[in-house]
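A.B. asks: If you scroll down you'll find the structure; I have some questions about it.
We did not get these values from a lab; they are worked out from the coordinates using the rules stated. Nothing here was measured: the structure is a model prediction, and the numbers come from that model. Backbone-built Cβ (ideal geometry, glycine too); neighbour counts: all protein chains shown.
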Amino acid sequence: MNYLKKLSHFILPYKRFAILNIICNVFYALFSTLAMVSLMPMINVLFGESKKVTVKPTYEGLTKIKSFAEDSLNYFVTSVSEAEGPQQALLYMIIMIISLFLLKNLFSYLAVFFVTYLRNGVLKDLRNSIYDKVINLPISYYSEKRKGDIIARISGDVAEVQVSLLSVLELIVREPLTIVFAIITMFIISAKLTLFVFLFIPIAGFIISLIGKRLKKHSQKVQEEQGLFLSTLEETLSGLRVIKGFNSESHFNKRFQDSTSRFFRFSNSLGHRQNLASPTSEFLGIVTIAALLWYGGSMVLVEQTLSGGAFIGYMALSYQILTPAKAISKASYRVRSGNAAADRVLEILDTISPLKDKPDALEKNGFNSDVSFNNISFKYEDEYVLKDFSLKIEKGKTVALVGQSGSGKSTIANLVTRFYDVNKGDISIDGENIKDLSKKSLRHLMGLVTQDSILFNDTVKNNILLGKEDASDEEIIDALNIANAWEFVKDLPKGIDTNIGDSGGKLSGGQKQRLSIARAVLKNPPIMILDEATSALDTESERLVQDALEKMMQNRTSIVIAHRLSTIQKADAIVVMQKGEIVEQGTHQELLAKDGMYKKLVSMQSL
C-alpha cells in the first residue's frame, strides 16, 4: 500500500481501469472457487454417493446455507437421475463445470486487459514527468549526476515500476481473494480439517519472509550499477576520439567490465532470491497437502465424517490456495524490486529546483534600457568566482569581457541567462530583478552562441527552427545568409533538409558554428550573448564567423566573452577581469594607452 501511495499521483488518472481490474479479479476469485466446488457433486454422482433428496428444500437463513446448498444440488441430481437417468445428471454437472471454468478464465483475461491500460498509462506519464523534470532542473544538478544513471532511471527503473504494478494488484486483490474464498468454502466443508491446515500457514509465511527480507537492497544495487555502466557507455560514445587518440581503449574497457561484473554478481544474488520464492512456496504447499491427505484420509476412511466427493473437492481447494500463495510470494519480491525502482524514479521527481519561477513571476515582453549587474558574488562550490562584480550595459551597446581562464567571464553568461542564481547582489533588466521574471520570458529576450556548437541529429532546417518554430523557409535562408552559412548549406545534398548527423558530425567546426549563429539570428532577440564563439576555429572560419557575428550584433545589446582579442576591438566597452573582479575597463584604444593588463594580453596574442 505504501508503494501505491508513492505512485498515487500517476495511478489516479487511470483509476477506472484499476476499479474494473479489481471487479474482474473479484469475479475471477469467486468462479475459481465455484469451479473447484463443482467437482464435488460430479464425483458423488460418479461414485453413487449423492444423497437422494426428493422434496425441494427451502431457504432458512445464512446459518443453514451449507445444508440448503447441498440439498438443492442433491435435489437437482435426484430429479434428473430419476427423470432422465444418472448419465444425463453427469452431463449437466460437466456442463456446469465447463461454464464455471470458462467464466473464471474470461474474468482472468478481462482483469489483465484493463490493467494493461493502467500499467502502460503510468509508464507513459512517469517517463513524461521525468523528462519534463530533466529539462527543467538547473544545469548545476547535472554537474553532480551521471547522465547514464538518469538514462537508467527513465528506461529500466520506470519499466520495473510498470511490471511491478501488475504484481501489486495481484498481491492486494486477486490472489488474496482467491485464497479467502477458498478458505471460507473449506471451512464450510470441514472446519476441523481447515483448522488443522492453519497450523502450517504461519510456518510457511515465516520461511518465505526470510528469503525476501533483503530483496529491496539487492534490487537497488542492481539498478544503481546499471546506471553506472550506462554512464560509462555514454561517456565512451561522447569521447570516442579522445579514447582512441590516447590509446585508452583498455582502460575504459576495464572500467566497463568491472561495472558489468558487479552487475553480474548483484543480479545473480537478486535472481537467486527471486527464484527461490516459487520452489520454496510450492514445497511448503505440498507438505501441507501431504498432511491433509493423512488427516483428511482418516476422516473419510476411519471416522467417516467426510464424503469422498467432499474430500476431493477440499483437496482441489487446497491446491487452489497453493497457486495464489506462490504468486503472492513471487509478487511480493517483484513489488520490493519495484519499490526500489520507484524510490530512484521519485528521487528525481521530488527534486526541488532552486531556480523555480516565483508564483507571481512577471512576463517581460521587451527590452528598453539596460542590463545591470549590481554587486554580484557567485560560487559554484566553496570559493567565490565572482566578487562584488558591478557592470551596466546600455541598450544597443556591445560589451566585451576578457581575461585569463578562470577569471569568471563565462560565469557572467551563466548568471544573466539564469542557468545559475547569484549568491549575493542581483542582476536586473530595465530595473527589474531577473529573479522576479519568468525564466521563459527572460530567455526569450536572449540569444546564445557558445564555444561548443550544440546541434542535434536532425536536418539543418529543424536545428535552425529552434530559434523560431513557425519560421518559413525564406526566413531560415535569410538567417543562414546573415550567418554566412547559406554558401555551404545550398551545396548540401538536400539543402536545408539535409541531416547533419549526431552533434552535427557531418560538418566542420566553422560550419557548425555558423549554423548556431543562424539559429540565434532567426530568434532575433534584443540581447545577444556570445561565449567564446570563435575560439575553436581556424583563421578562415573565424573570419567568416566574425563577419556573421558583426552583422548579427548590429542594433543589438551584446555581451561578448572572448579569448581572441582581435574579435572585440570594435566593442563599445571592454571589461578586463581577473579572479572574478574587474581590473580595467574602457575601449580598445583607451586600454592600450593605459599600458596595463589588457595590453599584456594583446601583446601575448600578437606574438
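A.B. asks: Where Lys and Arg each count +1 and Asp and Glu each count -1, what net charge lies around F113 among other residues with Cβ under 14 Å from its Cβ?
C.D. replies: +3
A.B. asks: Further, regarding this structure: At a 10 angstrom cut-off on C-beta neighbours, averaged per residue, how do the peptides 110-117, 76-83 rank from highest to lowest?
C.D. replies: Highest to lowest by the protection proxy: 110-117, 76-83.
A.B. asks: Let me ask something else. Pull out the extension gain between N365 and E474, defined as 0.36 nm times the separation in residues minus the alpha carbon to alpha carbon distance; nm, one decimal.
C.D. replies: Between N365 and E474, full extension yields an extra 36.7 nm.
A.B. asks: Right, another one. Given Cβ point charges of +1 (Lys, Arg) and -1 (Asp, Glu) and nothing else, what value in debye, to the nearest 20, does the dipole of the stretch 310-391 about its Cα centre take?
C.D. replies: 860 debye
A.B. asks: Report the net charge of residues surrounding S32, where surrounding means a beta-carbon distance below 10 angstrom and charges are Lys +1, Arg +1, Asp -1, Glu -1.
C.D. replies: Value of the local net charge: +2.
A.B. asks: Where does each of L102, L591 land when they are ranked from fewest to most other beta-carbon atoms within 10 angstrom?
C.D. replies: L102, L591
A.B. asks: While we're here: Identify, among L592, V422, L565, the residue whose Cα sits farthest towards the positive end of the charge dipole of the stretch 370-606, taking +1 on the Cβ of Lys and Arg and -1 on the Cβ of Asp and Glu, with the dipole about the Cα centre.
C.D. replies: Looking along the dipole axis, the top candidate is L592.
A.B. asks: Quick one: length gained pulling F256 to Y92 fully straight, 0.36 nm per residue minus the C-alpha distance?
C.D. replies: This chain segment gains 52.5 nm when fully extended.
A.B. asks: While we're on this one: Taking amide H atoms as placed 1.01 Å from N in the peptide plane, list the residues 5 or more away in sequence, or in a different chain, whose amide H sits under 5 Å from that of G447.
C.D. replies: Residues meeting the amide H criterion: I527, M528, I529.
A.B. asks: Just to check I understand the Karplus step: with θ = phi - 60° and J = 6.51 cos²θ - 1.76 cosθ + 1.60, what whole-Hz values come out for the stretch 452-465, glycine and proline as x?
C.D. replies: 3J(HN,Hα) across the stretch 452-465, in whole Hz: 8, 6, 8, 10, 10, 6, 7, 6, 4, 4, 5, 5, 6, 5.
A.B. asks: Counting only residues 5 or more places away or on other chains, whose amide H sits under 5 Å from the amide H of Q578 once H atoms are built in the peptide plane?
C.D. replies: Close amide H contacts, sequence-distant or interchain: V583.
A.B. asks: Moving to a separate point now. Restricting to the stretch 370-606, what percent of DSSP beta bridges are antiparallel, rounded to 5?
C.D. replies: So the antiparallel bridges amount to about 50 percent of the total.
A.B. asks: Computed FRET efficiency, Cβ-Cβ of N457 and K192, R0 56 Å: what is it to the nearest 0.05?
C.D. replies: It comes out at approximately 0.20.
A.B. asks: Here is a follow-up. List every residue whose amide H lies under 5 Å from the amide H of L362, counting only residues 5 or more places away in sequence or on a different chain, with H placed 1.01 Å from N in the peptide plane.
C.D. replies: Here the answer is L437, S438, since their amide H atoms fall under 5 Å of that of L362.
A.B. asks: Through the Karplus equation 6.51 cos²θ - 1.76 cosθ + 1.60, θ set to phi - 60°, convert the phi angles of the stretch 477-493 into ³J(HN,Hα) values in whole Hz; use x for Gly and Pro.
C.D. replies: 5, 4, 5, 5, 5, 4, 7, 6, 9, 4, 4, 9, 5, 5, 8, 5, x
A.B. asks: List the GluC sites (Glu not before Pro) in the stretch 365-454 that DSSP assigns to loop (not H, G, I, E or B) and whose Cβ has at most 13 other Cβ atoms within 10 Å. Which are they?
C.D. replies: E381, E383
A.B. asks: Along each of its three principal axes, how wide is the spread of alpha-carbon positions in the stretch 290-419, in whole angstrom units, largest first?
C.D. replies: Projected onto the principal axes, the Cα atoms of the stretch 290-419 cover 106, 35, 19 Å.
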